[in-house]
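Each reported figure results from applying straightforward, stated rules to the coordinates on display, with no laboratory input. Remember, it's a predicted structure, so these values are computed and weren't measured experimentally. Because the Cβ atoms are built from the backbone with ideal geometry, glycine has one as well, and the counts that use them run over all protein chains shown.
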Amino acid sequence: MENSNHIKYIINKKSRKLSEDKISTDFISEEIISKVRKFHNTFNEYEITPLHSLDNLADYLGIKNLFLKDESYRFGLNAFKVLGGSYAIGKYLANRLNVDISEISFDLLKSREIREKIGDITFVTATDGNHGRGVAWAANRLGQKSVVYMPKGSSKTRLDNIENEGAEASITDLNYDDAVRLANKNAQNYGWIMVQDTAWEGYHDIPVWIMQGYGTLIHEAIEQLNEKGIERPTHVFLQAGVGSFAASVQGYLVSKFGENRPKTIIIEPDNAACIYKSACINDGKSHAVTGEMPTIMAGLACGEPNTIGWDILRDYSDVYLSCPDYVSARGMRVLASPLKGDPQIISGESGAVGAGVVSLLKKQSYRELKEKLGIDKNSSVLVISTEGNTDPYKYKDIVWDGDNASI
Ligand SMILES: Cc1ncc(COP(=O)(O)O)c(C=O)c1O
């Protein structure tokens, strides 16, 4: 498995047992996530996003089912991330008002009376695009300000989309992790509220609320599967940047299904594979990838794991993958040009990597990985397309012109 153009994997031998010394997932329990979804349900834009069944592709790959949750439909923002930022801002304001989140709606937070009670707030964050757009969207709807810093090389279209939500946004000369540090420094200097989608020592509550916010997505997906007569998938593929999203879904699955939970596979781009690196070092701690992290998967180009998320992924996830860019590019193309009878799905660079991995498992060169994952004719696989074509130009370069096609 030394071919650098190959998907690399490491298996977690300790994932399946539930024991006392493992980290608690209580903060992402069914009860809490039901409350989160209730809050999201108060947004005018809230709708359950589609869960597609790719029956012909599943047939072709020799598996029982392939389901894809399509987050390009989330709140008209083309990505799932707004679930986290909006819930965290809701929780922050509920705390300031000294009420429980279950007692407030998004409309109430928008009301003049509440706005006057709260006063002016500036929310600040760092982002490759999707998270910042979600924070800017929520702040804007609430009549508040937002400041958004983007890492070097960020897409101009993604910047424009954030500015269109009224944010003061800029592309910095920093990598993602340093852009986070800049946001944090300015939050302290100017009294802004940092809404960051990752945790570190001393920064805990808001990232927990963001992770809880993502829970709406898997809560919906399990409900949608149940409606199709499936209690739970056998395998769930989760892409990771800092790992907040993956840990949120992982934590929920542990809370809900315990030892009967699906197998979970964590996927990262090979140049930003900090969770994979931490699993390889295997000393229980998280380890960073530093420097430039060139990858088409912009949303996953993060070098420092969320400390809360890492504990969950370390204790419960089954396999960690480090993927070259072509895996995601292939996923985008497979979803864009479906087998006859399957739905077409527009999935962006960070959204399609799960589908990319699954689509490759039919190849002889990935037979060993398929076996290690335990994927066979009885498997019901769930992948989550976390974004649509959030950079439409790049999307066309890849899907139409075949950029990043080499295997
Ligand atoms: C589209 C998309 N998918 C997945 C992720 C990964 O989320 P996390 O950074 O919480 O691991 C991101 C992060 O920005 C993203 O934008």
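Structural remarks
- Across the alpha-carbon atoms of the range 285-357, the computed radius of gyration and Dmax are 14.8, 46 angstrom.
- Placing +1 on each Lys and Arg Cβ and -1 on each Asp and Glu Cβ, with no other charges, gives the chain a dipole about its Cα centre of roughly 560 debye.
- Among the trypsin sites (Lys or Arg not before Pro) within the range 169-230, those in coil by DSSP and having at most 13 neighbouring Cβ atoms inside 10 Å are 228.
- Gaussian network model of the chain, springs between alpha carbon atoms under 10 Å - residue of 284, 143, 229 with greatest fluctuation: 229
- Antiparallel bridges, percent of DSSP beta bridges restricted to the range 90-239 (to nearest 5): 10 percent
- Spatial separation of Cα centroids for the range 192-253 and the range 297-375, in angstrom: 17 Å
- Candidate aspartates and glutamates for bridging to residue 228, where Cα separation is under 16 Å - those fewer than 8 sequence places away on the same chain excluded: 55, 220
- At full extension, residue 99 and residue 152 could sit 15.1 nm farther apart than now, given 0.36 nm per residue minus the alpha carbon distance.
- Using the Cβ-Cβ distance between residue 281 and residue 260 with R0 set to 30 Å, the FRET efficiency works out to roughly 0.50.
- Positive dipole terminus of the range 1-149, leading residue within 72, 143, 41 (C-beta point charges): 143
- Within-9-Å neighbourhood charge of residue 225 [Cβ basis; K, R +1; D, E -1]: -1
- For q = 0.16, 0.23, 0.27 Å⁻¹, Debye-computed log10 I/I(0) when each Cα of the range 170-226 counts as one equal scatterer: -0.63, -0.93, -1.10
- Within the chain, longest stretch clear of exposed GluC sites (Glu not before Pro) (DSSP loop, no more than 16 other Cβ within 10 Å): 48-200
- Compactness index (Cα Rg / 2.2 N^0.38 Å), the range 68-195: 1.05
- Normalising the average separation of contacting C-alpha pairs (under 8 angstrom, six or more residues apart) by the number of residues puts the relative contact order of the chain at 22 percent.
- Size of electric dipole in the range 282-407: Cβ of Lys, Arg +1 and of Asp, Glu -1, about Cα centre, debye, nearest 20: 580 debye
- Counted residue by residue at 0.36 nm each, then reduced by the alpha carbon distance between them, the extension gain from residue 20 to residue 364 reaches 119.8 nm.
- Here the scattering of the chain is modelled by Debye summation over its C-alpha atoms, one equal scatterer each and no solvent; at q = 0.06 Å⁻¹ the log10 of I(q)/I(0) is -0.21.
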